[in-house]
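Presented below is the structure to which this report refers.
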Amino acid sequence: YAQIAMYRAKESGRNTLSFYLPSMNERALERMALLDAMRNAMSAGQFELHYQPQVDLASGAVIGMEALIRWRHPRMGALGPDRFIALAEETGLIVPLGTWVLRAACAQAAAWQRNGLGALRIAVNLSSRQFKDAGLPQLIADILHETGLPAASLEIELTESLMMEDADTAVATMRALKRMGVHLSIDDFGTGYSSLSYLKRFPVDVLKIDQSFVRDIGHDANSAAMVAAMISLSHELGLRVIAEGVETRAQWDYLLGRGCDEIQGYYFSRPLCGSEFERLVRERGNVQRIA
Ligand code: C2E
Ligand code: MG
Ligand code: MG
Ligand code: MG
């Protein structure tokens, strides 16, 4: 079949041949190439974590950071998670990759704590595949033990859709993590099936208001009202609330006025590589009010 082209993939030292039809589009080809490259990227040390400061709004102090994965692809340059996380989830590669993220994030946070940066808390995003793995609580316990990071310094970010996939199992896993002292947050709140009954049922500590609401604070009264309501709701339920994607002084001031606990966003800082993050905290101090 002359029209069948071949795609050669190197996997665990052996050459395997995959076939594709010419009708497969560019995107599919790019996905295959990316997947092939991703298999070797972990052992080649091409993944790295960036850290975005989380700031206490009342004091302006950096009190933690979210770990965000980046892939330093040898030819394509730095790739953000939107380019490869979905593919990693489809193929299951997210499980070893996610384990690497957890270990690297906890090791970095523990090192910063030992080196006098303060009791910084680290937030780590979890994918659905990782969360469904029955061994997750034990894995996290092992990583905390290995790295010496206090459980209370780790915050696991989960999305609403992830929690809803199998709510009973999710609650059980969340309880196991809570018993260890790990904190749990709902990421991108307001974009999934936000149900108040689930909010009551899931044992979370933190609600992260999605950046789509924050973005519109200044020009859409409904978004501003929703943000205010989410802050009140969080506090009524005894949750801490973080606003994501804060880009302007006006958004910062609005959130401060509404009593939001923490912010994360370009207005304070973009995600930084480890050394830049460390420099920022040392230079500005982690107890300083920002201008
Ligand atoms: P997320 O967890 O909601 O992370 C916040 C995203 O918003 C990050 O994008 C961050 O760089 C971006 N961001 C922060 N401040 C601002 C701002 O002021 N304005 C705007 N426009 N954007 C801002 P990033 O790093 O590209 O990550 C995208 C998503 O990829 C994350 O969304 C998260 O869902 C996922 N992700 C990142 N790292 C990991 C990981 O290690 N594991 C898993 N499973 N998912 C990850
Ligand atoms: Mg997140
Ligand atoms: Mg988010
Ligand atoms: Mg997101």
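For region 27-161, what is the charge dipole size about the Cα centre, in debye to the nearest 20, if Lys and Arg each add +1 at the Cβ and Asp and Glu each add -1 at the Cβ?
Working: 12 positive and 14 negative charges, 84 e Å.
The calculated dipole for region 27-161 is roughly 400 debye.
Net length available on complete extension from Arg270 to Asn115 is 53.5 nm, with 0.36 nm assigned per residue and the Cα-Cα distance removed. In the chain, helical runs assigned H by DSSP with n ≥ 4 each contribute -39500 (n - 2.57); averaged across all residues and rounded to the nearest 500, the mean residue ellipticity at 222 nm is -13500 deg cm²/dmol. Backbone phi angles across region 62-77, fed through the Karplus curve with coefficients 6.51, -1.76 and 1.60 (θ = phi - 60°), yield HN-Hα couplings of 6, 10, x, 7, 9, 7, 10, 7, 9, 10, 8, 6, x, 9, 8, x Hz in residue order; Gly and Pro are listed as x.
Sorting 262-275, 73-86 by their mean Cβ neighbour count within 10 Å, with the most densely packed peptide first, gives 262-275, 73-86. For helix 26-41, report the angle its Cα long axis makes with the longest principal axis of the Cα atoms of the chain; keep it between 0 and 90° and round to the nearest 10°. Once rounded, one gets 80 degrees.
Amide hydrogen proximity for Glu66: with H placed 1.01 Å from N in the peptide plane, the residues at 5 or more positions away or on another chain lying under 5 Å are Gln52, Gln54, Ala123. Sequence-ordered 3J(HN,Hα) estimates for region 79-92 from the Karplus curve with 6.51, -1.76 and 1.60 and θ = phi - 60° stand at 10, x, x, 5, 7, 9, 5, 4, 5, 5, 5, 4, 9, x Hz, glycine and proline given as x. Across region 270-283, computed HN-Hα scalar couplings (Karplus, 6.51 cos²θ - 1.76 cosθ + 1.60, θ = phi - 60°) run 6, x, 10, 6, x, 5, 5, 4, 4, 4, 4, 5, 5, 6 Hz from first to last residue, x flagging Gly and Pro. Comparing Asn40, Asn25, Asn222 in a Gaussian network model of the chain (Cα springs below 10 Å), the most mobile by mean-square fluctuation is Asn25.
So how strong a dipole does the chain carry about its Cα centre when Lys and Arg Cβ are +1 and Asp and Glu Cβ are -1, to the nearest 20 debye? Mind showing how you got there, number by number?
Numbers: 30 positive and 34 negative charges, 149 e Å.
I would put it at about 720 debye.
Label separation (Ser43 vs Thr248): 5.0 nm, computed from points 7 Å beyond Cα along the C-beta direction. Please give the FRET efficiency for Ala58 paired with Leu196, using the beta carbon to beta carbon distance and R0 = 35 Å, rounded to the nearest 0.05. Once the sixth-power term is evaluated, E becomes 0.85.
A crude spin-label estimate for the pair Arg72 and Asp36, with each label 7 Å from Cα along the Cβ direction, gives 2.4 nm.
Compared with the dominant Cα axis of the chain, that is its longest principal axis, helix 136-147 is turned about 80°. For the chain, the longest principal axis of the alpha carbon atoms and the long axis of helix 167-180 meet at an angle near 70°.
Here region 106-122 is scanned for amide nitrogen atoms under 19 Å from the site 7 Å beyond the Cα of Leu139 along Cα-to-Cβ, giving 106-109, 122.
None of the figures in this text is laboratory data; all of them are computed from the coordinates on show. Quantities reported herein were computed from a predicted structural model and do not represent experimental measurements. With ideal geometry, Cβ positions are generated from the backbone for all residues, glycine too; neighbour counts draw on all protein chains shown.
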